[in-house]
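Report on one structure; see the data block that follows.
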Amino acid sequence: MNTQVRIKAELIAPCGMNCAICMGHLLRDENICPGCRGDDANKPGICVRCVIANCDYLENSKSKYCSDKCDIFPCTRLKSLDKRYRTKYDMSMLENLKHIEELGIRAFVRNEKVRWTCAECGGLICVHRGSCSNCGKNGP
């Protein structure tokens, strides 16, 4: 397990996903996914081909987040992804993007550290499993 992972701004995807708490980034021993903003080499194919991460509107965005200067925000794909994550994992990309806009990325990352750090051991809680990557304790 990748127990040294820490939440940082570079791991917040354009859609608002915190890649630091993603199973592909957090729980792999080998070929650790670098997150949506990282090199494609170890990313799952579905992430490499992600319509959101490869959106043309992001090229015109100063912040490189979907909510910044996008004429179609939130797009159908982002709404669908948000609905799935709210339903299955109790996390919202749209809420994350709203918080990034309101608080700024640094404050958002500080809040994410509090939200996703295990109170028992200090490890990170995996959004997909709902438990700590170090000790296995159930998360928030």
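The values are calculated or read from the model by the stated rules, or taken from the named source; none is laboratory data. None of these values were measured; they are calculated from a predicted model. Virtual Cβ from ideal backbone geometry, glycine too; neighbours counted across all protein chains shown.
When P44 is tested against (1) farther than 21 Å from N134 by Cβ; (2) under 15 Å from the mean Cα position of the chain (by Cα); (3) at pLDDT below 90; (4) surrounded by 16 or more Cβ atoms within 10 Å (Cβ to Cβ), only condition (4) is not met. Taking helices (runs of 4 or more DSSP H) as the structural unit, those lying wholly within the stretch 1-65 and holding at least 1 residues that are within 17 Å of Y89 (Cβ to Cβ) correspond to 23-26, 45-48. Is it the case that the stretch 87-106 has a residue that's part of a loop (DSSP other than H, G, I, E, B), under 13 Å from the mean Cα position of the chain (by Cα), surrounded by fewer than 19 Cβ atoms within 10 Å (Cβ to Cβ) and not acidic (D, E)? Checked against the condition, which is being part of a loop (DSSP other than H, G, I, E, B), under 13 Å from the mean Cα position of the chain (by Cα), surrounded by fewer than 19 Cβ atoms within 10 Å (Cβ to Cβ) and not acidic (D, E), the stretch 87-106 yields at least one hit. H128 satisfies every condition listed in (1) out of contact with any Leu (no Cβ under 6 Å at 6 or more places or on another chain); (2) over 18 Å from G24 (Cα atoms) except (2). Taking the criterion of being assigned to a helix (DSSP H, G or I), modelled with pLDDT under 90 and under 28 Å from G136 (Cα atoms), would at least one residue in the stretch 74-85 satisfy it? For the stretch 74-85, residues assigned to a helix (DSSP H, G or I), modelled with pLDDT under 90 and under 28 Å from G136 (Cα atoms): absent.
Of all residues in the stretch 15-41, those satisfying the criterion of being surrounded by fewer than 20 Cβ atoms within 10 Å (Cβ to Cβ) and in contact (Cβ under 8 Å) with a residue 40 or more places away in the chain are M23, L27.
In summary, C126 fulfils each of the numbered conditions (1) more than 16 Å from I12 (Cβ to Cβ); (2) surrounded by 16 or more Cβ atoms within 10 Å (Cβ to Cβ); (3) in contact with an Asp or Glu (Cβ under 9 Å, 6 or more places away or on another chain) with the single exception of condition (3). Within the stretch 110-126, being touching a strand residue (DSSP E or B) at 6+ places or on another chain (Cβ under 7 Å) and either within 29 Å of K62 (Cβ to Cβ) or touching a residue at least 40 places away in the same chain (Cβ under 8 Å) (or both) holds for E112, W116, G123, L124, I125. Pairing each residue of the stretch 48-63 that is under 20 Å from S80 (Cβ atoms) with any residue that is among the small types (G, A, S) and at pLDDT 90 or above, provided the two are 6+ apart or on different chains, yields C-beta distances under 8 Å for I52/A13; A53/A13.
The residue that is farthest from the chain's Cα centre (by Cα), counting only those in the stretch 58-72 that are farther than 28 Å from I32 by Cα and surrounded by 15 or more Cβ atoms within 10 Å (Cβ to Cβ), is C70.
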